[in-house]
1. Within the stretch 6-19, does at least one residue satisfy the condition of being part of a strand (DSSP E or B) and modelled with pLDDT of 90 or more?
2. Go through (1) over 13 Å from the mean Cα position of the chain (by Cα); (2) in contact (Cβ under 8 Å) with a residue 12 or more places away in the chain for ALA59 and report which single condition fails.
3. Do we have GLY49 as at positive phi and within 11 Å of the chain's Cα centre (by Cα) here?
4. Those residues that are open to solvent by 40 Å² or more (accessible area, probe 1.4 Å) and not in a loop (DSSP other than H, G, I, E, B), I need them from the stretch 40-65; list them, please.
5. Do the conditions hold for VAL30, that is, is it open to solvent by 40 Å² or more (accessible area, probe 1.4 Å) and among the β-branched types (Val, Ile, Thr)?
Amino acid sequence: GAGNATAWLPTARAYGAAEGQLPRVGAVMVTRESGYGPVAYVEAVNPDGSWRVSEMNFAGWNLVSGRTIHFGQVPLVGFIY
């Protein structure tokens, strides 16, 4: 694996993957919300700018959950496209 999710963005950058600060459907969201860094997949971007994710390890270890996020609500590292 690529290690903890918080290491994914610099790793993706090193391999030339596109990344940025805006949500896109299909992107992977990286945050600093836990020691493991939950990995979230962007399912939808809403008209108000919020986005819906499904994610692993946020609700608990090895659990998949979903939520809608607004800018400023999470310690966002970025998105990998």
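The values are calculated or read from the model by the stated rules, or taken from the named source; none is laboratory data. Computed from a predicted structure; not experimentally measured. FYI the Cβ positions are ideal-geometry reconstructions off the backbone, even for glycines, and counts take in every protein chain you see. To get the accessible areas, we keep the full protein, side chains included, count just its heavy atoms, and leave off ligands, DNA and RNA. Shrake-Rupley method; radii C 1.70, N 1.55, O 1.52, S 1.80 Å.
1. no
2. It fails just one condition, (2).
3. Against the criterion (at positive phi and within 11 Å of the chain's Cα centre (by Cα)), GLY49 does not qualify.
4. Of everything in the stretch 40-65, those that are open to solvent by 40 Å² or more (accessible area, probe 1.4 Å) and not in a loop (DSSP other than H, G, I, E, B) turn out to be TYR41, GLU43, VAL45, ARG52, MET56, VAL64.
5. no
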